[in-house]
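Visitor: Below is the structure I would like to discuss, written out as structure tokens.
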Amino acid sequence: MTSKFLKVTIERGADAKNAQQVFDVPAHESQTVLDVVSWVQQFADPTLSYRFACRVGMCGSCAMMVNGVPRWTCRTHISKVLDGNSVTIGPLRNLPIIKDLVVDMDPFFDKWVAAEGMHHGGLTRDDPVALVDETSAARIEANAGIECINCSVCHAACDTVAGNPEYLGPAALQRAWTLLNDARDEGREAVLDAVSGKGGCHNCHSMGSCTAYCPSGLDPMSAIAGLKRETTKSFLERVR
């Protein structure tokens, strides 16, 4: 850092054309972007709205756009993202803005539902617990995506979502891929039908922003590629 103060621009407003407000924030060592936003709310403008919870990269609720890049602000050190001595912070893109840095997550989770992103169980509590072969290829694929914490960073990074509001998005499709590879899930046909429709996996342009920006190191692009293969196989089997 080159100064005792940072020039922090925060996008304010409840529409796509946010007003920008600039704050001079004291600079400190090991300061995160979330620390900066919290300072503004506590000492400069108590009306600033934003979300956070755990502060340690477990909940994902503090995700924002930082210099145009979606990030967890609690795990992003300000020194790593400064442009000179300045930084611009805004709400996640591709989701409706409620106020300031707070976005409406309902459309994000609605797409999980549309992608059949819920477990389709067939057993009751009276049945034996289903055994899972952790070494199987399918289980390895399923395990690759189960650490998603629904932060919506991949959703904000996706240009296909930006251009096509009906697109289910990388998080919902990765969840669908996880279920498709889970031996305990009995909704294979429902999942394939859901992800092969108008807003489904074949809309993906394979640009890879979802994988590049995932803070958890997950690979939604590969999951979507898997869905493309399986939906194509399913279609060909049905038309034989």
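Visitor: In nm, give the distance between the simple-model label positions of THR9 and LYS198, each being 7 Å from the Cα along the Cα-to-Cβ direction.
Guide: Going from the THR9 label point to the LYS198 one covers 3.8 nm.
Visitor: Using heavy-atom solvent-accessible surface (probe 1.4 Å) with all chains present, what is the largest-first order of TRP112, TRP177?
Guide: Result of the area sort, largest leading: TRP112, TRP177.
Visitor: If you wrap a convex hull around the C-alpha atoms of segment 20-67 and split its volume per residue, what is the figure in Å³? Spell out each step's value before the answer.
Guide: Values: hull volume 4.7 nm³, N = 48.
Once divided by residue count, the hull of segment 20-67 is 99 Å³.
Visitor: Between ARG188 and GLN20, what length in nm is gained on full extension when 0.36 nm per residue of separation is reduced by their alpha carbon distance?
Guide: 55.8 nm is the gain from fully extending ARG188 to GLN20.
Visitor: Another question, then. With charges only on Cβ, +1 for K and R and -1 for D and E, what is the dipole size of the chain about its Cα centre, in debye, rounded to 20? Kindly include the intermediate steps, with their values, before the conclusion.
Guide: Details: 23 positive and 28 negative charges, 111 e Å.
My answer is approximately 540 debye.
Visitor: Still on this model: Taking the alpha-carbon distance from LYS233 and a cut-off under 29 Å, which lysines remain once sequence neighbours fewer than 8 residues away in the same chain are dropped?
Guide: Partners found: LYS111, LYS198.
Visitor: Return one whole number: the accessible area per residue of the chain in Å², for a 1.4 Å probe.
Guide: 52 Å²
Visitor: Taking all protein chains together and a probe of 1.4 Å, list PHE5, PHE109, PHE43 from the most accessible to the least accessible.
Guide: Details: PHE5 105, PHE109 85, PHE43 140 Å².
Ranking PHE5, PHE109, PHE43 by accessible area, largest first, yields PHE43, PHE5, PHE109.
Visitor: Sorting check: for 92-99, 154-161, 195-202, 49-56, which peptide has the highest mean count of neighbouring beta carbons within 10 Å, and how do the rest follow?
Guide: The packing order, highest mean first, is 154-161, 195-202, 92-99, 49-56.
Visitor: Moving on to the next point. Carbon and sulfur atoms: what percent of the 1.4 Å accessible area of the chain do they account for?
Guide: 52 percent
Visitor: Full extension from ASN164 to THR135: what is 0.36 nm times the residue separation minus their Cα-Cα distance, to one decimal in nm?
Guide: 6.7 nm
Visitor: Over the chain, what lengths in whole Å, largest first, do the semi-axes of the equivalent ellipsoid take, defined as the square roots of 5 times the eigenvalues of the alpha-carbon gyration tensor?
Guide: 39, 19, 15
Visitor: Can you give the percent of C-alpha pairs in segment 106-239 whose distance is more than 19 Å? If you can, show how the numbers build up before the last one.
Guide: Working: 4229 of 8911 pairs.
Cα-Cα pairs of segment 106-239 separated by over 19 Å account for 47 percent.
Visitor: I'd like the per residue volume of the convex hull spanned by the Cα atoms of segment 5-103, given in cubic angstrom.
Guide: For segment 5-103, the hull spanned by Cα atoms encloses 90 Å³ per residue.
The values are calculated or read from the model by the stated rules, or taken from the named source; none is laboratory data. Here the structure is a predicted model, which is why all the values come from computation and not from measurement. Glycine gets a Cβ as well: all are built from the backbone with ideal geometry, and neighbour counts include every protein chain shown. Remember, those area values only see protein heavy atoms, side chains included, never the ligands or the DNA or RNA. Shrake-Rupley method; radii C 1.70, N 1.55, O 1.52, S 1.80 Å.
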